[in-house]
Structures are given as structure tokens and as C-alpha cells.
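Let me begin by presenting the structure, written as C-alpha cells, before commenting on it.
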Amino acid sequence: MTKDIFDKIFQGDCEKILQDFPDNCIDLIFTSPPYADQRAKTYGGIKPDNYVEWFLPKAAEFKRILKPSGTFILNIKERVVDGERHTYVIDLILKMREQGWLWTEEFMWHKKNSYPGKWPNRFRDNWERLIQFNKAKAFAMYQEAVMVPIGDWAKDRLANLSETDKIRDESRAGSGFGKNVSNWIGRDMVYPTNVLHMATETGNKNHSAVFPLDLPQWFIKLFTKPGDVVLDPFVGSGTTALAAIKLGRHFVGIDISPEYVEISNQRLLETQLRLPTIAEKKAKYSVSKNGKRHKK
Ligand SMILES: C[S@@+](CC[C@H](N)C(=O)[O-])C[C@H]1O[C@@H](n2cnc3c(N)ncnc32)[C@H](O)[C@@H]1O
């Protein structure tokens, strides 16, 4: 059964489609659901006041089909209603915790190519939230896969270490986090922060809410290894599925709109024609315990 559901885009309501999926079969859920009411003309928005009620039964299915080691990343942002931010995202987080999810972390996507704008009472909205939920505290995470170059700051900062920099400096705010700056001398790569600086997608993908390929790719690298399964239950134009294919992971995509399913399939076909198959890719690599891929 499980093999039949991989590497496909399904058309329909994700809540219903997922009812046919077995428990614990997905490693990562990465998705950007319809935002409350925002794009009603394009693909049927949900009223902000009804958003939590609409989303919760879907979240229950996501929880059932996600492996205990898996992660759910939800890309969402509360919209402004009557001059203030609506609370449906905060309400949703609280309700999902009641459903048994852990609200493990939150990432910020800074849209680095936003153009300027003028509003009477606020500035241009230039970032989105990516909220991380897990079923268990011990989830799969491959931090080495998303390391970044240490950058120029290191030349000056590490050349002038204070005495505190050379020992573990416990957080003064009592957070329990400490740092030993001298540990980073001589290293080229460091772990990133939870703020991602990525340009928005500007190319025409025939969908009004396409996120950049880099966004799902970053999370797929962080939370899965080659051969794992990535689900996007609101797949739109297929960006998450495309990212999964490019990284040698299996995918499952779902969208309620037949038109978007068609667009997704077309994009995936074009990509698959240009890439070696997932099987070929997997055969070329082995994965060590720390998640690093080694060429065989
Ligand atoms: C924000 S868009 C996703 C865009 C996508 N990230 C991309 O890069 O193209 C949300 C999608 O959810 C779909 N959708 C809305 N309700 C749905 C449901 N109940 N089940 C599955 N898909 C749904 C819409 O058709 C829309 O394409």
C-alpha cells in the first residue's frame, strides 16, 4: 500500500485523501495552507474566525500519518482584520498543542527582495512564519546539511577574544543556553540561525502563492535524509514536490484544485526529464549517522 501513495500528486481535500494513508508513513510535512480569506477569489479562502475549526481536523490527520521522528513545518502568517492582526495563528498553535503536538520551534522567512510600500499605520510585511510542530521531543534533524560559511565577521571577532570568549559563557538571561566563542576558531562552516533570508518567487507559475524552491529545500535537507518521504497537503503548483525530487526524497502532494494538480504534474514531469531518477540518486550516496551524504 505505502509504495502506491508515494511520488504522486492527488487531487482532492487533503483531509479526505489522507484518511486512506497508513499511520506513521511520512517523515516531513511541509506546507503553506490557504491563508485566511486572503485569496478567496483565487482558491477559496477561509474566514479568519473559522480558520482554526477548518484546520484542526486536517492537523489530526497530519499527526496520524507523520512518523514519531517526523516534523511538520507550517508556513502561515496572520492577516490584518479591522486594523489589527487576527489571532488565528496563535489560536491554532494553542489548539494544536491540545491535540498533542509539540510547538518545537519557529523560523522566520525574511523576504529579501521585497519592494518598498507605504501604508498609513504599518510598514511593508516582509517576513513569514514557519512554525515547527513535532510529535516527540526526539525528532530527526540533520543540522550539518544546512551549515553556512562562517562569514567575514569571524576574522575580526575571533582575532580579538576576551577571557569570557575562551570559556563557556552561560546565558545571563538564564535561558540555559551558553556559548564558547573560541570553539569556532579555524572553522569554515557554522550552523545557521532560525532566520532565513530568501527571495520570493517572482516567476509566473500560474499560481498566486508560490514560495521559492529554496524554502522547502532548506527544511527537507534539515529534517530528512535521501529516500525519506515529504508530504505537502496543500501543494499548489508543486514546489515542495519539486524540491523533494531534486534532493532524492520521495514526495506526496495533494491539492483540491484540478488545475493546480495539472500544473504540478507538468512541472514535475519537466524536472524529472532533466534529473536522474530518485533511485539512481539514492544509489550514488550513502548517509552517515550525522546525516552527511557520502558519494559511494
Ligand atoms: C498557499 S497555496 C500553496 C502554494 C504552494 N506552496 C506553491 O508553491 O505553489 C494553498 C493551496 O491549497 C489548496 N487547497 C485549499 N484547500 C485545500 C484542501 N482542503 N485540501 C487540499 N488542498 C487545498 C489550494 O488550491 C492552493 O493551491
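Looking only at residues of the stretch 221-230 that are of a type in the set (D, E, K, R) and assigned to a loop (DSSP other than H, G, I, E, B), we find that the one that is nearest to the ligand (Cβ to nearest atom) is Asp228. Give the stretch 231-263 a look and list any residue that's part of a helix (DSSP H, G or I) and either at pLDDT below 95 or more than 7 Å from the ligand (Cβ to nearest atom) (or both), or say none. Selection gives Ala241, Leu242, Ala243, Ala244, Ile245, Lys246, Pro258, Glu259, Val261, Glu262, Ile263. In the stretch 229-273, the qualifying residues are those that are farther than 21 Å from Asp27 by Cβ and of a type in the set (D, E, K, R), and the one that is surrounded by the fewest Cβ atoms within 10 Å (Cβ to Cβ) is Glu270. Looking across the stretch 115-150 at every residue that is β-branched (Val, Ile, Thr) and at pLDDT below 95, the one that is farthest from the chain's Cα centre (by Cα) is identified as Ile150. Of the residues in the stretch 71-113, how many are more than 16 Å from the ligand (Cβ to nearest atom) and not polar (S, T, N, Q)? Of the residues in the stretch 71-113, 24 are more than 16 Å from the ligand (Cβ to nearest atom) and not polar (S, T, N, Q). When you look at Ile17, is it within 13 Å of the ligand (Cβ to nearest atom), at pLDDT 90 or above and not in a helix (DSSP H, G or I), yes or no? Answer is no for this residue. Taking each residue of the stretch 131-152 that is assigned to a helix (DSSP H, G or I) and looking for partners that are surrounded by fewer than 19 Cβ atoms within 10 Å (Cβ to Cβ) and of a type in the set (S, T, N, Q) with beta-carbon atoms closer than 9 Å, six or more apart or interchain, yields Gln143/Asn290; Glu144/Asn290.
From the set of residues in the stretch 166-198 that are among the charged types (D, E, K, R) and at pLDDT 75 or above, which is nearest to Phe211 (Cα to Cα)?
Asp188
Between a first residue in the stretch 80-96 that is at pLDDT below 95 and a second residue that is basic (Lys, Arg), which pairs have beta carbons less than 8 Å apart while being 6 or more apart in sequence or on different chains? From the stretch 80-96, the pairs are Val80/Arg122; Arg85/Arg79; His86/Arg79.
Sub-8 Å Cβ pairs linking a first residue in the stretch 29-46 that is part of a loop (DSSP other than H, G, I, E, B) to a second residue that is exposed (fewer than 15 other Cβ atoms within 10 Å of the Cβ) and modelled with pLDDT of 75 or more, at least 6 apart or interchain, are Ala36/Lys47; Asp37/Lys47, ordered by first then second residue. Only one of the numbered conditions (1) buried (at least 18 other Cβ atoms within 10 Å of the Cβ); (2) assigned to a strand (DSSP E or B) is not met by Leu92, and that is (2). Taken together, the residues in the stretch 20-37 that are more than 12 Å from the ligand (Cβ to nearest atom) and farther than 22 Å from Trp218 by Cα amount to 6.
The values are calculated or read from the model by the stated rules, or taken from the named source; none is laboratory data. A quick note: this is a predicted structure, and the numbers were derived from the prediction, not measured. Because the Cβ atoms are built from the backbone with ideal geometry, glycine has one as well, and the counts that use them run over all protein chains shown.
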